[in-house]
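One structure is given below, encoded as C-alpha cells.
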Amino acid sequence: MKNGAGERIEGDKRYSFRLDDTDIVLGADKGKHGLVSCRVPGIGYDLVREPYYVLNLYRIMNEGRLRAIARNEPFVVSGETASGIRLQWEPTEANPCRMEAVYTIADAFTIDLSITIEAVKPLSGHELTISSYFDFLLEPYAVLPNWPGKMDDSDLHLLKVEDHPYIKGHYVYFPRDNEAAHTHLDGRWLDEKSGKPIAHFVTGPYYGRPIAVMGNEDVHVVQMADPAECGAIGITYSSPEENDSIRRHNALYFTLFGGQLQAGDRREARMRQVILSGKPSLDRLLELYKQFV
C-alpha cells in the first residue's frame, strides 16, 4: 500500500489507507460502511469499536415514522479515489430519495463526509441519522450554552455527558431548535406495532454548536456538522456500570436534514471528523468548527 493511497482489500469491500503512520479503513458493504477502523500513532487500540463503524448512514425517518435503515437499503460504490470513496443509493419504496455519501480523507487525522439527497416525492420531516460507535476508553462530550439563548463563544461550555438518575436508561438528545425537538416527538421513534418507544430519550437543552466528542486524557475524536442541516445530536452517557445498555453503545448520533422536501429537491449536509491528542478543550473545538463552517 502506498502512503496516502487507498488499497482495496481483496475479497471484501474494504479500502485501506495509511497516512503518516495512521491506518484508516473505509467499508462499503451492507455489513459495514463508513469508517470501520482507525488506528493512530501512540494509541494502542482501534478508536472504532468492533464490530461497528463510524460515520455510518443509519435511520431514515419521515412523515412521523421510521422508514428504513440505510445500511439495509441497496447501495453501490460509485467512485474510488486515492483519498476516499463515494457510495450511491437509488430510491426505493422505503427510502424515497437518491442518496450519495462521499468520504474524503483530508489528512491523517481528518475525514470529511458529504451527503446529498434528492427526493423523488414530497416528504415531510425527512431525517437521516449518522451513527458512530467508539472504543469504551473514550467518553462523550457536548458543547452547550451556559444559559438558554446565549450563543456567543464566551457563553458556551463543554459538558461531559455522564450517568445520572435523571437520564438513566435514556439517550440524551440535544436539538438545534424547537422545530427539531418537535419533529423528534412526532411519532417517528415509536414502534408501529406496539406503540412503545424504539429508544428512550431525554431531550436536553438546544446544542450550542453541532459538535460532539468522544475522548479521554490521551486522545479525542471530534465530530461536527453544518448547523443548517443538523437538527440534533444524540449522545450516550459514560457510566461505571459496564452492563448499562446506553453506556454499552458509546455512540454519537447526528440527525441531518429535516423540514419539507418536494419531488426533485436536493439537499447537501456536511460533516467532519478530526482526531486530536490530549483531552478535549472548548477553545480548540470552536477553532476547528470555525475552520469547518
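The values are calculated or read from the model by the stated rules, or taken from the named source; none is laboratory data. What you see is a predicted model; the values in this text were computed from it and never measured. We place every Cβ from the backbone using ideal geometry, glycine too, and count neighbours over all the protein chains shown. To get the accessible areas, we keep the full protein, side chains included, count just its heavy atoms, and leave off ligands, DNA and RNA. Shrake-Rupley method; radii C 1.70, N 1.55, O 1.52, S 1.80 Å.
Hand me the list of strands (runs of 3 or more DSSP E) wholly inside segment 196-255 holding 3 or more residues that are of a type outside the set (S, T, N, Q) and surrounded by 21 or more Cβ atoms within 10 Å (Cβ to Cβ). Explain how you work it out, then say what you get.
Working: elements: 201-203, 211-215, 219-225, 230-235.
In segment 196-255, the matching strands (runs of 3 or more DSSP E) lie at 211-215, 219-225, 230-235.
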Legend entry - Qualifying positions in segment 276-289 - surrounded by fewer than 21 Cβ atoms within 10 Å (Cβ to Cβ) and not in a loop (DSSP other than H, G, I, E, B): L276, S277, L282, D283, R284, L286, E287, L288, Y289
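Results for (1) closer than 27 Å to H220 by Cβ; (2) open to solvent by 40 Å² or more (accessible area, probe 1.4 Å), shown as yes or no for each residue.
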{"residue": "D163", "(1), (2)": "yes, yes"}
{"residue": "Y166", "(1), (2)": "yes, yes"}
{"residue": "F174", "(1), (2)": "yes, no"}
{"residue": "T183", "(1), (2)": "no, no"}
Inset, instruction - Considering (1) under 27 Å from Y289 (Cβ atoms); (2) more than 20 Å from the chain's Cα centre (by Cα); (3) free of Cβ contacts under 8 Å to residues at least 24 places away in the same chain, say which one V76 fails and leave the rest. - result: (1)
Legend entry - Inter-residue pairs, beta-carbon under 8 Å, first on the phi > 0 side of the Ramachandran plot and in segment 125-146, second assigned to a strand (DSSP E or B) and open to solvent by 10 Å² or more (accessible area, probe 1.4 Å), 6+ apart: G125/Q260
Inset, instruction - Can you run down the residue pairs with Cβ atoms below 9 Å, 6 or more apart or on separate chains, where the first is in segment 86-99 and touching a residue at least 12 places away in the same chain (Cβ under 8 Å) and the partner is open to solvent by 10 Å² or more (accessible area, probe 1.4 Å) and of a type in the set (S, T, N, Q)? - result: R86/S78; L87/S78; Q88/S78; A94/N72; R98/Q88; R98/T116; M99/Q88; M99/T116
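Okay, residues lined up against (1) touching a Gly at 6+ places or on another chain (Cβ under 8 Å); (2) of a type in the set (K, R); (3) open to solvent by 30 Å² or more (accessible area, probe 1.4 Å); (4) more than 22 Å from K121 (Cβ to Cβ):
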| position | (1), (2), (3), (4) |
| --- | --- |
| R39 | no, yes, yes, yes |
| G42 | no, no, yes, yes |
| Y45 | no, no, yes, yes |
| Y52 | no, no, yes, yes |
| R86 | yes, yes, yes, yes |
Inset, instruction - Mind counting the residues in segment 223-254 that are touching a helix residue (DSSP H, G or I) at 6+ places or on another chain (Cβ under 6 Å) and among the aliphatic types (A, V, I, L, M)? - result: 2
